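**Q** Please find one structure pasted underneath; my questions will follow.
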Amino acid sequence: MRRLKRIAGLAIGLAVGSCAQADVGVGGPTGDAAAERLIAQSKALRADGRLELAIEGLTAASQQAATPAEHARAVGELGATLFLAHRYDDATPRLHEAYDALAGAARAPYAVDLGNLALVRHQNEVARLYYEEGARAGDDPVRFSAELNLARLAEPNTRLGVLAQLSSSLAGLPDPHDRARFGLNLGDQAAALGGRGLAIAYAQFTSARALSDQLGDARLSVEARDALARLYEDQHRDADALVLTREALLRVARASPGSVADLLITLDWREARVLRRQGASDEAIAAYWRTVEAIQAVRQDMPITYEDGQSSFSATLEPVYLELVDLLLQRAAQQSAAAREHDLHAVKDLLELLKQAEMQDYLGDRCTVDAVRAASTAPKAGTAFLYPILLPDRTELLLETASGIVRATVPIGHERMERSVRQFAEALRNDAADFRPQARELYDWLIAPLEAPLKEQGVETLVVASDGVLRLVPIGALYDGNQFVIQRFATATVTGLSMTNASPPPGSRPGALVAGLSSPGPVVARLRSFVNETGAAASLSSTPARSLPPTRALLAFARNEANVVPDDELARANALEAERVRLALPGVQEEVDALAVTLHASELLNADFTSARFRNQASSGDYPIVHIASHGYFGGSAQDSFILTYDDLLTLGDLQSLLQSQGVRAAPIELLSLSACETAEGNERSPLGISGAAMKARAKSVLGTLWPVSDQAARTVMEQFYTDLESGRYSKAEALRAAQLELLAKPDTAHPFYWAPFVLIGNWL
């Protein structure tokens, strides 16, 4: 099981090991005593896990340094600490400054640190060069650190031999702290190889435990027992793993909290897993709650992405929360009504934490999610909140209404549910005639088990906190054999209620901005470079002109341009013009003109819809509704999601900078509409991009589409939606439902391909 800070050969174990030696051999005068004290104090804070205080101290030390060598040392230590805080962009110039200012043994530690930085960025050959320099020029600890990191880059068939040699030479290091710390990292690498590597790992972990106990080093003592417990758990020796885990937990109390906070998560989580497998459910639940508390205590310091490329969400947060949710739901089935209600509300709270973590992972930052966190919302009469929970062996449904929360269990596991959902999503996207079997099957699994409370509570609006693959299909398109869900309920989706501003609109507030792109300009060339830079791409598709996703059109463009001679400007211009034609959206001009009348809106069309002009208008705070009719693409992360303006791309980050002005903060956007945008086909995370766009823009709601639709269908829905919304008689969810029912009533647009892709995410009022 993963460790949160120490990845084999990197981060806390080796980076601190090498950084701790960074002052060895630094030449020149001693310098100012105050700066020296700050460096020493900051390194102690870093070792104690108090990275922000260490960063402050080292920043001050770099400013007070009396000599160039002392300054380089302070800056280098600052860079190493920023690396440990996962602030890689900030660490890079500091480490390079120290590296460039020093030479020989004084430079070697920073060569290792730069190698670590290159490795986490997957620049393996760059990392190798830095490690080789560290191995040549460094003293014993730095040399060993470099060699151990080089072992990570060795060919798989030679890695075990390299580690065996390092294991033999490790005993020659004079400092027992170094032997213990490097032994733990060496053991991690060896354990990952399995087979004969397990013997090396066991020997190193056992040695590190003995050394750390002799030294009285609480952090190392906990780490060594954690490593051994992990080894035993991997070998299915649960009883031994539990003994060692509990030994480590006892020693946690002897260490400073900051130095072992990450280990507390892994230890509590392992205890919970083992107890669960042993059938001690109540004890396991208590241990899981301790794990959640430990996570929350360090949540702001956890990286979005670990050094090995895995996200903290998928590797740690999601499994912890879902394992606890599973146990709580199992226990709830056997409890009294009051105890069951308590556990079900606890499950809902855990799901909200999980959804916050997933959105943070998608966006690549926490600040945006933290900024929109809302107070707990209880549904009002006529409204229900639905949480589907996909577990390996079953699907759980939580339904909260004004009278409380109920639960239903469906014996359909995640794998079978995913298969049916993907078949249904494909049928909807492709306008397939035989979609009803999947629509009925999903209705029977997701809605039918809750028929009684839905009827008893007179539910008219169903708000769904969609989970995973369920985001690919609109709940309104499910079918009971007689009618669609949309014919019974107004529907809305929330990424999480804790990220939804559920306050009603603040009364009459006129003003709308309608922007559209029917004929793109310089953005075509910009789009190609963006796709090449980010790696965004998709397969070609023969779909109607409006629905042509930009990345797919661009893939064709990239292929065409490969055959164009670089200096043949005429051929290049012709290729660009061809792509402008492919990316044209003929119906957008009619849509923009019609909505400008309906909404009495300001209009930006084509050449007027530049990123600069959109920025100026949208940031004024004068528009409660912002409607964008242009190609947009939401992929598996915020980095490959964008919207086209005439001259440039609007990424989700751009939306944040464009729309978080003082004007927008004072008068938030009530609704952001993204017409002609689409989500990546089959990617269950891509709908998060629509939610992310709303969060970045501080919009209470966003109206988007899950797949491209015809011009006429889009225009009909948008005009009817805004007409009903402006009348003041409908909520957003009700206005969208009315517009969708208008399409459903017409034979030529009755298929859910036309009306179902429109989804309202966020505030439904």
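The values are calculated or read from the model by the stated rules, or taken from the named source; none is laboratory data. Note that the structure is predicted; figures quoted are calculated from it, not measured. Positions of Cβ are generated from backbone atoms using ideal geometry, with glycine treated the same way; all protein chains shown enter the neighbour counts. Side chains are part of the model used for accessible areas, which takes the heavy atoms of the whole protein and leaves out ligands, DNA and RNA. Shrake-Rupley method; radii C 1.70, N 1.55, O 1.52, S 1.80 Å.
**Q** Checking residue 621 against (1) open to solvent by 20 Å² or more (accessible area, probe 1.4 Å); (2) at positive phi; (3) more than 20 Å from the chain's Cα centre (by Cα), which test does it fail?
**A** (1)
**Q** Of all the helices (runs of 4 or more DSSP H) wholly in segment 376-475, which have at least 3 residues that are surrounded by 20 or more Cβ atoms within 10 Å (Cβ to Cβ) and touching a residue at least 24 places away in the same chain (Cβ under 8 Å)?
**A** Result: 414-429, 436-446.
**Q** Hand me the list of helices (runs of 4 or more DSSP H) wholly inside segment 649-763 holding 3 or more residues that are more than 17 Å from residue 362 (Cβ to Cβ).
**A** Ranges flagged: 652-659, 662-666, 711-727, 732-744, 752-755.
**Q** Looking at the structure I just gave you, is residue 164 within 32 Å of the chain's Cα centre (by Cα) and either of a type in the set (Val, Ile, Thr) or assigned to a helix (DSSP H, G or I) (or both)?
**A** No; evaluated as a whole, the condition is false for this residue.
**Q** Further question on the same structure: Search segment 601-611 for residues being among the aliphatic types (A, V, I, L, M) and in contact with a Ser or Thr (Cβ under 9 Å, 6 or more places away or on another chain), and hand back the single one that is nearest to residue 513 (Cα to Cα).
**A** Ranking the qualifying residues of segment 601-611, first place goes to 604.
**Q** Among the candidates 178, 140, single out the residue that is open to solvent by 60 Å² or more (accessible area, probe 1.4 Å), in contact (Cβ under 8 Å) with a residue 24 or more places away in the chain and among the acidic types (Asp, Glu).
**A** The match here is 140.
**Q** Could you identify the single residue in 386, 390, 398 that is under 19 Å from residue 443 (Cβ atoms), more than 24 Å from the chain's Cα centre (by Cα) and at pLDDT 95 or above?
**A** Of 386, 390, 398, the one residue that is under 19 Å from residue 443 (Cβ atoms), more than 24 Å from the chain's Cα centre (by Cα) and at pLDDT 95 or above is 398.
**Q** While we're looking at this one, here's another question. Among the residues of segment 276-308, count how many are in a helix (DSSP H, G or I) and either of a type in the set (Lys, Arg) or at positive phi (or both).
**A** Matching residues across segment 276-308 total 4.
**Q** State yes or no: is residue 373 open to solvent by 30 Å² or more (accessible area, probe 1.4 Å) and outside any helix (DSSP H, G or I)?
**A** Criteria met by residue 373.
**Q** To continue, here is another question. If we keep just the residues of segment 640-691 that are at pLDDT below 80, of a type outside the set (S, T, N, Q) and open to solvent by 50 Å² or more (accessible area, probe 1.4 Å), which is farthest from residue 757 (Cα to Cα)?
**A** For segment 640-691, the residue satisfying everything is 666.
**Q** Condition check: buried (at least 21 other Cβ atoms within 10 Å of the Cβ), over 22 Å from residue 111 (Cβ atoms), touching an Asp or Glu at 6+ places or on another chain (Cβ under 9 Å) and of a type in the set (A, V, I, L, M, F, W, C). Does residue 146 satisfy that?
**A** No: the conditions fail for residue 146.
**Q** Which pairs turn up if I take residues in segment 50-64 that are part of a helix (DSSP H, G or I) and look for partners that are open to solvent by 80 Å² or more (accessible area, probe 1.4 Å) with beta carbon separation below 8 Å, at least 6 apart in sequence or on another chain?
**A** If the second residue must be open to solvent by 80 Å² or more (accessible area, probe 1.4 Å), the pairs left are 51/301; 57/41.
**Q** Here's a follow-up. Given the condition hydroxyl-bearing (Ser, Thr, Tyr), under 24 Å from residue 349 (Cα atoms) and open to solvent by 10 Å² or more (accessible area, probe 1.4 Å), answer yes or no: does some residue in segment 240-257 qualify?
**A** The answer is no; no qualifying residue exists.
**Q** Restricting the first residue to segment 575-590 and requiring it to be under 22 Å from residue 514 (Cα atoms), which pairs with a second residue that is open to solvent by 30 Å² or more (accessible area, probe 1.4 Å) and among the charged types (D, E, K, R) meet a Cβ separation below 7 Å and a spacing of at least six or different chains?
**A** 586/711; 587/711; 587/715; 590/715
**Q** Cβ contacts < 7 Å: first residue within 24 Å of residue 634 (Cβ to Cβ) and at pLDDT 90 or above, restricted to segment 708-728; second residue open to solvent by less than 10 Å² (accessible area, probe 1.4 Å) and acidic (Asp, Glu), any location; separation 6+ or different chain. Result?
**A** From segment 708-728, the pairs are 714/591; 715/591; 718/591.
**Q** Could you please find all residues in segment 720-764 being open to solvent by 60 Å² or more (accessible area, probe 1.4 Å) and among the aliphatic types (A, V, I, L, M)?
**A** 745
**Q** Could you list all residues from segment 236-245 that are closer than 19 Å to residue 188 by Cβ and in contact (Cβ under 8 Å) with a residue 12 or more places away in the chain?
**A** Residues satisfying the conditions are 241, 244, 245.
**Q** Which one is modelled with the lowest pLDDT among residues in segment 513-541 that are surrounded by fewer than 23 Cβ atoms within 10 Å (Cβ to Cβ) and out of contact with any helix residue (DSSP H, G or I) (no Cβ under 8 Å at 6 or more places or on another chain)?
**A** 533
**Q** Counting only residues that are without any contact (Cβ under 8 Å) to a residue 12 or more places away in the chain and closer than 27 Å to residue 286 by Cα, how many does segment 350-369 have?
**A** 0
**Q** Taking segment 300-325, which residues are open to solvent by less than 60 Å² (accessible area, probe 1.4 Å) and in contact (Cβ under 8 Å) with a residue 60 or more places away in the chain?
**A** 302, 303, 304, 306, 307, 309, 312, 315, 316, 322, 325
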